[in-house]
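The values are calculated or read from the model by the stated rules, or taken from the named source; none is laboratory data. Since the model is a prediction, treat every value here as computed from it, not as a measurement. Backbone-built Cβ (ideal geometry, glycine too); neighbour counts: all protein chains shown.
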Amino acid sequence: MEAQHILIFYNGIIPTPKYGGISRVIWYLGKELNLMGHRITFLVAPGSVCDFANVIFFDPKQSLASQIPEDVDLVHSHTLLWEPLPKPYMITLHGNSSDKREFDINTTFISRDHAKRFGSEVFVYNGLGLEEYGQPQLDNPRNYLHFLGKAAWRVKNLKGCIQIARESGHALRVMGGYRVNLKMGIRITLDPRIRFEGMVGGETKNRLINASKALLFPVRWNEPMGLAVVESLYFGCPVFGTPYGALPELVSSEFGFLSNKKSELVDALKHVDEYDRRKCHEYVCDNFVSIHMARNFLPLYEKVLNGESLNPIPPKLVNPNPPKFLPWYE
């Protein structure tokens with residue numbers, strides 16, 4: 001594809017200070033596209049900065065169309081659009097939906113399962129910017145398991161993680177939550193083997209994952225993709241979770257174990273030290289880094305620039321009103 005001026009729109013701040021999965025994804029997408037020779041402009045929230053692309057602050061009081069520079073060739077939005085645009089565009093949906101709405105015909109998704117649930121076949125996996133993670137130590141001693149995610153979200157099933165860790169006899173490090181949580185009622189976890197690290201990012205997060213035996217990920221929703229999964233595999237950690245959403249396409253038996261039964265996950269953890277950390281790491285390097293993401297978007301960009309639609313019909317949830325929590329058997 002010839003060099004283009006691509007505007008990436010997201011109503012959030014870049015770069016992200018800690019978690020901010022979408023902010024991190026678009027940062028590395030823009031960086032890879034820039035290295036390929038494309039000109040990148042970010043239309044993002046005030047406070048954003050970038051050293052390799054132009055940054056425009058999004059003003060929600062103005063129309064989106066009026067904030068797109070005249071010389072932009074293509075708009076790639078990571079926020080759902082609410083008005084027509086004067087430029088060729090596409091949208092990446094990063095989350096789930098539970099209603100019957102029709103999505104834009106140029107919507108893409110972030111895993112095969114994510115797309116399938118909306119009647120689409122168009123998806124591009126999120127990719128890691130490896131410079132953010134450094135080179136893992138794959139032969140170091142490891143003596144705990146970890147949870148990585150927004151612990152306050154009940155669909156992430158921190159309660160199940162704690163049960164698995166206790167019954168398998170492992171210590172647990174919780175990244176993304178606090179020991180006292182008043183948002184979920186009054187929840188106080190007193191077990192000293194369950195350590196809460198708070199909302200960590202950067203080197204602290206990398207160090208904690210790099211000292212872990214495995215990721216516990218027993219989510220109770222259809223995970224759209226799960227950056228925590230590929231981040232953990234990058235550091236050599238197999239994944240023990242539920243077979244929901246994109247997890248079965250990411251986690252084969254070589255890289256972890258999936259079940260919605262607590263007892264089966266506890267039993268599987270008896271073999272946690274038998275997984276090949278280097279294979280887990282290489283699997284991510286071969287499939288889930290930002291250069292793969294950028295390259296996989298290029299043919300979609302070309303279709304849009306040629307006036308073609310990405311989907312034959314507007315994507316729509318195949319099974320609307322899914323259950324709030326998918327089964328978890330204690």
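Residue count for segment 226-256, restricted to those that are part of a loop (DSSP other than H, G, I, E, B), at pLDDT below 95 and not small (Gly, Ala, Ser): 0. Report yes if some residue within segment 16-32 is modelled with pLDDT of 95 or more and assigned to a loop (DSSP other than H, G, I, E, B); otherwise report no. No, segment 16-32 has no match at all. Could you please find all residues in segment 69-91 being surrounded by fewer than 16 Cβ atoms within 10 Å (Cβ to Cβ), closer than 14 Å to ILE6 by Cα and hydrophobic (A, V, I, L, M, F, W, C)? Result: no residue meets the conditions. Where strands (runs of 3 or more DSSP E) fall wholly inside segment 61-152, the ranges with 3 or more residues that are farther than 30 Å from HIS271 by Cα are 74-77, 89-92. Within segment 257-284, the set of residues being assigned to a loop (DSSP other than H, G, I, E, B) and in contact with a strand residue (DSSP E or B) (Cβ under 8 Å, 6 or more places away or on another chain) comprises ASN260, TYR275.
Scanning segment 93-105 for residues that are touching a Ser or Thr at 6+ places or on another chain (Cβ under 6 Å) and crowded, with 18+ Cβ neighbours inside 10 Å turns up just one, LEU93.
Results for (1) among the aromatic types (Phe, Trp, Tyr); (2) modelled with pLDDT under 95; (3) touching a His at 6+ places or on another chain (Cβ under 9 Å); (4) on the phi < 0 side of the Ramachandran plot, shown as yes or no for each residue.
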| position | (1), (2), (3), (4) |
| --- | --- |
| ALA53 | no, no, no, yes |
| ASP73 | no, no, yes, yes |
| LEU93 | no, no, yes, yes |
| SER97 | no, yes, no, yes |
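Of all the listed residues (VAL289, VAL229, VAL239, VAL318), the sole one being under 22 Å from LYS159 (Cβ atoms) and either in contact with a Gly (Cβ under 6 Å, 6 or more places away or on another chain) or of a type in the set (Gly, Ala, Ser) (or both) is VAL239. Is it true that some residue in segment 222-237 is within 22 Å of HIS170 (Cα to Cα), among the aromatic types (Phe, Trp, Tyr) and either in the same structural domain as LYS31 (by TED's automatic domain parsing) or in contact (Cβ under 8 Å) with a residue 24 or more places away in the chain (or both)? Taking every residue of segment 222-237 in turn, at least one turns out to be within 22 Å of HIS170 (Cα to Cα), among the aromatic types (Phe, Trp, Tyr) and either in the same structural domain as LYS31 (by TED's automatic domain parsing) or in contact (Cβ under 8 Å) with a residue 24 or more places away in the chain (or both). For segment 209-225, a residue qualifies if it is assigned to a helix (DSSP H, G or I) and small (Gly, Ala, Ser), but none of them does.
Would you confirm whether or not segment 42-55 contains a residue that is surrounded by fewer than 18 Cβ atoms within 10 Å (Cβ to Cβ), outside any strand (DSSP E or B) and among the acidic types (Asp, Glu)? Yes, the conditions are met somewhere in segment 42-55.
The residue pairs whose first member lies in segment 186-211 and is outside the structural domain of PRO15 (by TED's automatic domain parsing) and polar (S, T, N, Q), whose second member is modelled with pLDDT of 90 or more and crowded, with 17+ Cβ neighbours inside 10 Å, and whose beta carbons are closer than 7 Å, counting only pairs six or more residues apart or on different chains, are THR189/ILE162; ASN206/TYR133; ASN210/PRO136; ASN210/PHE235.
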